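In what follows, a structure is listed as structure tokens, so that the remarks can point back to it.
Just so you know, all these numbers are worked out from the coordinates, no wet-lab data involved. Please read these numbers as outputs of a predicted model, since none were measured by experiment. Positions of Cβ are generated from backbone atoms using ideal geometry, with glycine treated the same way; all protein chains shown enter the neighbour counts.
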């Protein structure tokens, strides 16, 4: 145990923390992932992945925060505090967290309506997400967007139209290439949207112009209530880009996703054009809050996944078995995440809604007309800029 | 104790050191967490934050209250994420409530069959794994329906506050107490001796009480409306015999949420839809004959199933009846989906037999059996009883001639089926007739269309055939099936 004297010294001088005695932790560990499936690729990502202790703890914390935040959102919905749409990410955390771990700050993301976790990872605080869900002023879109419309720097949002974010993502990829900012774009869609025609148009242009885009199909097995097998003639979504190289990755393994993204990102950055990623994952809740989620699959199926493939539990086991962290440390993270989210829920609930004076606020970043048309062309509303403008450059 | 605090301190600082660059934890949060950690080590009592409250959820968009049908977990039982805690009857169906976290079900505050629990009411408490679930503290304001008055008395969490006593007799009363002061004292459960009097001759003023109330931040006591049973020490009330309610007095029937929904919808229907009625008597001899024939080859189909089928046929000939209101337009439905009234203990519910025109009478019979079974056990899914393009209500089994039914909106017509009665046929021989009463929405369906439909129905009933019922050549088909089956 640490002596009180050491504590006092460190308390005064933070710079000495590096010489802290490190008990018996491993500083890093190597794991074997499930084999990747490849399409149009000679060589794939390495199945042997190494992670440092600090990063592992960070990924664990991020996944736990998303899970806890979604649980809070689900409860708030059942209290009727959140109204309208609400799609939860529970079960799919490893996809977003793994991808984020391989991104650089110039990279951008665009996703569909299952957007809460990504919004948090891209830099919005849990209060910013939960307050947005509750329609409060402190939300990242001042409560005007709700569940499907959250934005922040380099995050082009939740999008409400199934599949429509993918052509937009190709456009953002084009912007990265045009400006030469070194970034790439990640566009996410589900196995349901994978059968949309506009995706194939986006693939075509992305490949034609060699845009730095990673198209990610988050295959959670069900497009709303229809299983992938009943909806797709070819359920190998990583092959669906035809002329675009594809990688299948176990989306319940955060390290595998991180490695696959790193590999795909490097290809894009080298100017080799788009890459298609399929993350095989699972969603615990129904498609949205109005779907109990048990009429097209059994409760046993869900519990089976929760017990044997849960992204958080399985990563926790890996960390414990390789001595990357102790059970107490992880427990402490759980507790602090829980406290953070509980606080965020309280803060969001006590926040106020915006007033009617913001009816026509922030429609344009730069409004060229003096007024905004009202219900008829005779009554007009004044345009104001209040919220922070993002992605305007 | 000291080393434990230091350890917590050191751990937290250590954490800060590698999280500060990831910007996940700001220094402010660190201090807050630190203090909460210290608190946890100082106090032996459990922190309230560890207890998770489970509230009655809103499980359908229109649900305002629900009934707890069954608890799937017991107090003290471990719950894994995704497990079903309990089954709740909403205004539409019985839905399972899943729990998204893991922990132990510490206390059930609403027992099974607690009906009409408002959304948001506390129904249970959960604690974390490995924690002491037996001594969980029930938050103030939580309803405990079944606990007796004496239990509430001993469980009072506000131990520091004086117990209820309506002033006067207790302690030395200092002089005169005015009615306003007396009322305040009773209101806040205070004794006159606790108040520092500032009036002349030690008289307590209203201001003195109010000052004490605001100083101590007291809340007014909640008074039980029910008469006190256990605490009454006087013999008068205790010796009074309990009156038995004679059988002739009226009893209150509890109105279930389902009954309330039915009442609301019926009232809305009958008061906003201009109901019009047409009646036809049809001979069902053909149907009875076909039914007997089916019985002779071992296929049991009820008269009601035949009626569903022939009504389906008549509806496909009269699409003007197979309509429903959608907003302000009348929409002609593409398929014939008939809602069939099924009586359950809670009231009438109308599961839907879909695509009646395309199914044969045997398939219809099977579907009706399945739906009725589901309806009785409350397991109908919303899509199985919402929608539908026409309704049938059959009370024939009770022997009545005719009756008229109330339209089930947004549908525009319902057919009420009476019982069979013997009448004289055209050739002077006895026939069995059944009375069909069509209630239809006069604003959506014309009298002429209704009359034509009944004419079509009469024709379908009286000329029912193997072809029209979809059971043509049934016997040989059955034989072929038997031959194809192994053994």
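Dimensions of segment B:274-479 based on its C-alpha atoms, expressed as ranges along the principal axes with the largest first, amount to 48, 41, 32 Å.
Averaged over residues, the count of other Cβ atoms within 10 Å places the peptides B:354-360, A:271-277 in the sequence A:271-277, B:354-360, highest first.
Calculated on the alpha-carbon coordinates, the convex hull of segment B:52-132 measures out at 74 cubic angstrom per residue. Multiplying the residue separation of residue A:369 and residue A:55 by 0.36 nm and subtracting their alpha-carbon distance yields 108.2 nm.
Legend: calculated FRET efficiency, residue B:288 to residue B:266, from the Cβ-Cβ distance at R0 = 35 Å, rounded to 0.05, equals 0.60. For the Cα trace of segment A:170-325, dividing Rg by the Kirkwood Rh returns an Rg/Rh value of 1.02. Among B:370, B:122, sorting on how many other beta-carbon atoms sit within 10 Å of each Cβ, with the fewest leading, yields B:370, B:122. Starting from a Cα-only point model with no solvent, please compute log10 I(q)/I(0) by Debye for segment A:115-252 at q = 0.12, 0.16, 0.19, 0.20 1/Å. Log-scaled intensity ratios, in q order: -0.53, -0.90, -1.14, -1.20. From the P(r) of segment A:22-354, could you give the percentage of C-alpha pairs in the tail past 28 Å? So the pairs more than 28 Å apart make up 39 percent of the total in segment A:22-354. Modelled spin labels at residue B:429 and residue B:252, positioned 7 Å past Cα toward Cβ, are 6.1 nm from each other.
Annotation for residue B:465 and residue A:380: the two label points, set 7 Å from Cα along the Cα-Cβ direction, are 7.5 nm apart.
Shielding value for A:305-317 is 1, the average number of Cβ atoms from other chains within 10 Å of each residue's Cβ.
Expressed in units of 2.2 N^0.38 Å, where N is the residue count, the Cα radius of gyration of segment A:220-276 is 1.30.
When each of A:47, B:64 is scored by the number of other beta-carbon atoms lying within 10 Å, the sequence from fewest to most is A:47, B:64. Residue by residue along A:281-293, Cβ atoms of other protein chains within 10 Å of the local Cβ number 2 on average. The Cα trace of segment A:245-336 gives Rg and Dmax of 17.1, 46 Å, the first to one decimal, the second as a whole number.
The value for segment B:372-487 of Rg(Cα) / (2.2 N^0.38 Å) is 1.41. Here B:306, B:472 are placed in order of increasing Cβ neighbour count within 10 Å, fewest first, which gives B:472, B:306.
With q set to 0.08, 0.12, 0.18 Å⁻¹, the log10 of I(q)/I(0) for segment A:53-191, from the Debye formula over equal scatterers at the Cα positions, is -0.20, -0.46, -1.00. On a per residue basis, the convex hull of the C-alpha atoms belonging to segment B:245-350 measures out at 225 Å³.
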